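J.: What follows is a single structure, and I will ask about it in a moment.
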């Protein structure tokens, strides 16, 4: 019996419009009723993941910022964290500013950005279908360095960097890899999301990477949770679609990859299911649980 199911959000549980389908919800409910712990494991901010978990109503634990923290929803407290040091975050911000590249700062409560572009534009569009209490908080500021420098009572989960030009993007990646005590996610493909503009659908494409404190990963956070709940890894299912899911897919009892994933990600999976618009999560759970 599988006792823990860890599920990524964007590109996995959520469809291209940022929604959870009825079939996926029903599959998760049945898995919960069978005794499995359902854990959302996302790169999103705590507030954003918590809102999605609240809508599902079946999760006690959520992993946010690609493993930067574990939040216990029943106790409303952080039980595990590995945040980015503010001085280190300011160093990264300065590099981004000097190279005029788009970046966002993810805290527990919000995404800090200069403009609505790339992933932030997607969150903004996603918010249009949600009540105020469920929206991903987006804070647009012009001087991010100063804002973060003066920021209090906000822990930094990760920093996302993106650009439409692969040459510019790879140039900034080389500079970031020279910074000590951080991890730079190695993404080899473009992110693709869909937003609605009036009656039309618009495809957003961009190269991106995510920066966390050193030794941060969804799997390391999952290991802490597994130890806490006394669940061995062969009783864990991990479902994801991207390189930030790689280690948990490789190490879980069963690693499931979505059909919309890049070919090099699919190679590591025990199971490949339908894409995120065709209820791949439900397909996996129906077969395994």
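J.: Which residue out of 40, 28 is part of a strand (DSSP E or B) and in contact with a strand residue (DSSP E or B) (Cβ under 6 Å, 6 or more places away or on another chain)?
T.: Matching residue, one of 40, 28: 40.
J.: Sticking with this structure for a sec: Tell me whether region 129-136 contains one or more residues that are buried (at least 19 other Cβ atoms within 10 Å of the Cβ) and within 16 Å of residue 49 (Cα to Cα).
T.: Yes, there is a match, as at least one residue in region 129-136 is buried (at least 19 other Cβ atoms within 10 Å of the Cβ) and within 16 Å of residue 49 (Cα to Cα).
J.: Within region 237-245, does at least one residue satisfy the condition of being in the same structural domain as residue 121 (by TED's automatic domain parsing) and either more than 27 Å from residue 269 (Cα to Cα) or crowded, with 20+ Cβ neighbours inside 10 Å (or both)?
T.: The initial filter retains those residues of region 237-245 that are in the same structural domain as residue 121 (by TED's automatic domain parsing), namely none.
No, because not a single residue in region 237-245 is in the same structural domain as residue 121 (by TED's automatic domain parsing) and either more than 27 Å from residue 269 (Cα to Cα) or crowded, with 20+ Cβ neighbours inside 10 Å (or both).
J.: Answer yes or no as to whether residue 165 is surrounded by fewer than 20 Cβ atoms within 10 Å (Cβ to Cβ) and closer than 19 Å to residue 100 by Cβ.
T.: Yes: the conditions hold for residue 165.
J.: Take region 137-152 and flag every residue that is at pLDDT below 95 and exposed (fewer than 13 other Cβ atoms within 10 Å of the Cβ).
T.: Selection gives 152 alone.
J.: What number goes with the only condition from (1) under 20 Å from the mean Cα position of the chain (by Cα); (2) assigned by TED's automatic domain parsing to the domain that holds residue 132; (3) modelled with pLDDT under 95 that residue 99 does not pass?
T.: Of the numbered conditions (1) under 20 Å from the mean Cα position of the chain (by Cα); (2) assigned by TED's automatic domain parsing to the domain that holds residue 132; (3) modelled with pLDDT under 95, the odd one out for residue 99 is (1).
J.: Here is a follow-up. Could you say which residue among 250, 267 is over 18 Å from the mean Cα position of the chain (by Cα), in the same structural domain as residue 27 (by TED's automatic domain parsing) and surrounded by fewer than 20 Cβ atoms within 10 Å (Cβ to Cβ)? Lay out the reasoning, then the answer.
T.: Numbers: 250 fails: over 18 Å from the mean Cα position of the chain (by Cα).
Checking each option against the conditions leaves just 267.
J.: Take the residues in region 193-213 that are closer than 20 Å to residue 244 by Cα and without any contact (Cβ under 8 Å) to a residue 60 or more places away in the chain; name whichever of them is nearest to the chain's Cα centre (by Cα).
T.: Among them, the one singled out is 209.
J.: Quick test for you: out of 166, 127, pick the one residue that is closer than 23 Å to residue 206 by Cβ, in contact with a helix residue (DSSP H, G or I) (Cβ under 9 Å, 6 or more places away or on another chain) and not assigned by TED's automatic domain parsing to the domain that holds residue 70.
T.: Of the residues listed, the single one that is closer than 23 Å to residue 206 by Cβ, in contact with a helix residue (DSSP H, G or I) (Cβ under 9 Å, 6 or more places away or on another chain) and not assigned by TED's automatic domain parsing to the domain that holds residue 70 is 127.
J.: What is the one condition in (1) surrounded by fewer than 21 Cβ atoms within 10 Å (Cβ to Cβ); (2) modelled with pLDDT under 95; (3) touching a helix residue (DSSP H, G or I) at 6+ places or on another chain (Cβ under 8 Å) that residue 47 does not satisfy?
T.: (3)
J.: Please work out if residue 120 is over 17 Å from the mean Cα position of the chain (by Cα) and surrounded by 16 or more Cβ atoms within 10 Å (Cβ to Cβ).
T.: For residue 120, the condition - over 17 Å from the mean Cα position of the chain (by Cα) and surrounded by 16 or more Cβ atoms within 10 Å (Cβ to Cβ) - is not met.
J.: Only one residue in 112, 78, 52 is surrounded by 20 or more Cβ atoms within 10 Å (Cβ to Cβ), modelled with pLDDT of 95 or more and within 30 Å of residue 177 (Cβ to Cβ). Which one?
T.: Values: 78 fails: surrounded by 20 or more Cβ atoms within 10 Å (Cβ to Cβ); 52 fails: within 30 Å of residue 177 (Cβ to Cβ).
Of 112, 78, 52, the one residue that is surrounded by 20 or more Cβ atoms within 10 Å (Cβ to Cβ), modelled with pLDDT of 95 or more and within 30 Å of residue 177 (Cβ to Cβ) is 112.
The values are calculated or read from the model by the stated rules, or taken from the named source; none is laboratory data. Keep in mind it's a predicted model, so treat the numbers as computed, not measured. Because the Cβ atoms are built from the backbone with ideal geometry, glycine has one as well, and the counts that use them run over all protein chains shown.
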